[in-house]
Each structure stands twice: as C-alpha cells, then as structure tokens.
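**Q** Here you go, one structure.
The values are calculated or read from the model by the stated rules, or taken from the named source; none is laboratory data. Treat the numbers as computed from the prediction; the structure is a model and nothing was measured. Here the Cβ positions follow ideal geometry from the backbone for every residue, glycine too, while neighbour counts run over all protein chains shown. All accessible areas refer to the heavy atoms of the entire protein, side chains included, with ligands and DNA or RNA removed. Shrake-Rupley method; radii C 1.70, N 1.55, O 1.52, S 1.80 Å.
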Amino acid sequence: MRTKSPVTIGVLGTHSTGKSIFLARLGRALCRNNFQIVTVADLGERAKRIGLPTLFNHTYVSTLWFITRGISNELEASLHADVVLVDRAVPDALGYYRAALAYCEEQPDAIAVMTLESMMRSHSEQYDLLLRTTLDPDLPLGRNKSRDPDLDFRALANQHVLQVLLDLDHSHEKLHSDGHEAVLDRALAFANSRLTGAGCVS
C-alpha cells in the first residue's frame, strides 16, 4: 500500500548531462524493490509545442509556467506514488532564467524575480533528495532528441542552476557523468530506508 508521504527525488542541471537516463535507471531499480513510482517528466518539449520561449530565450512568463506547471505535476504525482522522481526539479527553471538573462546581458525585474524565488523556496521543502548533474565539457551533446548547440549557454545554465541551489541553501548531491553507479546505490538506500510498498506505476 502507498505511504501517505512519498519520497520525492529531483534531478536538475544543465542540458545533456544525463538526468533522464539516470532517472530511468533509478525508476527501474525502485520498481524491482516493489515501490510505486511516478516520474514527472521534463517540461521542455511541451513548452516548445505550445510556443513558450526556452533556453536562452527564457522569460519571466515562461519561467513562471515551468515553475507552476512543475509544482502542479509533482503534487498530482504525489497522490499516486511511494516515490516521485522529478526530471528537472523546480529550482532548475529559475537557474535557466538567470542564465538566459546573463546570456542576453539583461537585468531582471526585481519584483518578478522575488515572486519566482518565493514559489521556488516554498515548494523546494518538498524534495527529500536533490541530485545535480555536473557539466563535463568534453562530453558531446546527446543525440536522442533535439539539442541546443550553444555550449556557452549550456555552461551558463550549469553555473546558474548551481547558484540557485546555493542561494536556496538546500542540500544536494553532485551527479557526475562517471559516478552514476555510486549515486544510484545511495538513492536506492535512501528510498529503502524510508519506504515499504508494492507495485509500480508507469
């Protein structure tokens, strides 16, 4: 039977650094341990389909959409899972917005940013474990989906996502490109120490 308070594990970091691959592996491992799993997918492709600006074109409006839609999806997932896996936890959106502003050499509206930060801070208390991928500039962009080829923006996103976490003062663990096995083991041990359950939700 599903526990009343699911464990929420979020992964965030700049694009093409292994977030989705890691979460898929973690989800399969948790299912083998008979936990109910719901994965909250990355919203990037959906944002593009409905015409929202993304990446270095990120705006206050698109960031607000990512944060509010992400929160909504995570809350819905928590009703049906022992473990909620989040591909791009909410602080990721603010990091990308800050990176877009830096890339375009623009200054943010202070009140708008305070609004975004307030929502992010309040919701981030729900994450039991945050994992941040690290950028290895020697690794090429993945080819499994359309990727932004601008390596300068990719590096800016990496920098600003980290800074958001530091500003938030939320503990997190680094997920290096060559360290998935060790982090996978620790994430499984963390979930196992918190939960018992049966069955999987795809």
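**Q** Among HIS123, ALA187, ALA77, pick out the residue whose Cα is farthest towards the positive end of the charge dipole of the chain, where Lys and Arg carry +1 and Asp and Glu carry -1 on C-beta, about the Cα centre.
**A** The residue sitting most towards the positive pole is ALA77.
**Q** Taking 0.36 nm per intervening residue step and subtracting the Cα-Cα distance, what contour gain separates GLN163 from THR59 on full extension?
**A** Gain in length upon complete extension: 35.6 nm.
**Q** May I ask you to list the GluC sites (Glu not before Pro) in the range 52-149 that are in a DSSP loop and have at most 12 other Cβ atoms within 10 Å of their Cβ?
**A** Numbers: sites: GLU74, GLU76, GLU105, GLU106, GLU117, GLU125; in loops: GLU105, GLU106, GLU125.
When the GluC sites (Glu not before Pro) of the range 52-149 are filtered for loop state and at most 12 Cβ neighbours within 10 Å, GLU105, GLU106, GLU125 remain.
**Q** To the nearest 10 degrees, how steep is helix 180-194 against the longest Cα principal axis of the chain, on a 0 to 90 scale?
**A** 60
**Q** Continuing with this model, one more query. If you fit an axis through the alpha-carbon atoms of helix 151-168 and take the longest principal axis of the Cα set of the chain, what angle between them do you get, 0 to 90°, nearest 10?
**A** On a 0 to 90 degree scale, this one is about 60.
**Q** In what sequence, largest accessible area first, do SER16, SER124 appear using a 1.4 Å probe?
**A** Largest accessible area first, the residues go SER16, SER124.
**Q** Something else: Report, for the chain, the % of DSSP beta bridges that are antiparallel, rounded to 5.
**A** Here the share of antiparallel DSSP bridges comes out near 0 percent.
**Q** Based on the Cβ-Cβ distance from LEU79 to CYS31, what FRET efficiency comes out when R0 is 22 Å, to the nearest 0.05?
**A** Efficiency, from the Cβ-Cβ distance: 0.75.
**Q** Do any trypsin sites (Lys or Arg not before Pro) in the range 1-51 lie in a loop, going by DSSP, with at most 14 other beta-carbon atoms within 10 Å of their beta carbon, and if so which?
**A** Passing both the DSSP loop test and the Cβ count: LYS4.
**Q** Of all the Cα-Cα pairs you can form in the range 39-144, what percent are over 23 Å apart?
**A** Here the tail beyond 23 Å accounts for 31 percent of pairs.
**Q** Still on this model: Taking the convex hull of the alpha carbon atoms in the chain, what volume per residue do you get, in Å³? Show your work: numbers first, answer last.
**A** Numbers: hull volume 22.8 nm³, N = 202.
Normalising the Cα hull of the chain by residue number yields 113 Å³.
**Q** Now a separate question. Per residue of the chain, what 222 nm ellipticity follows from adding -39500 (n - 2.57) for every DSSP H run with n ≥ 4, rounded to the nearest 500?
**A** Helix contribution divided over all residues of the chain: -16000 deg cm²/dmol.
**Q** In the chain, what percent of the accessible surface is made up of carbon and sulfur (1.4 Å probe, ligands and nucleic acids excluded)?
**A** Looking at the chain in its full context, I get 52 percent from C and S.
**Q** Note down the magnitude of the dipole of the chain about its Cα centre, charges +1 on Lys and Arg C-beta and -1 on Asp and Glu C-beta and zero elsewhere, to the nearest 20 debye.
**A** Dipole size: approximately 800 debye.
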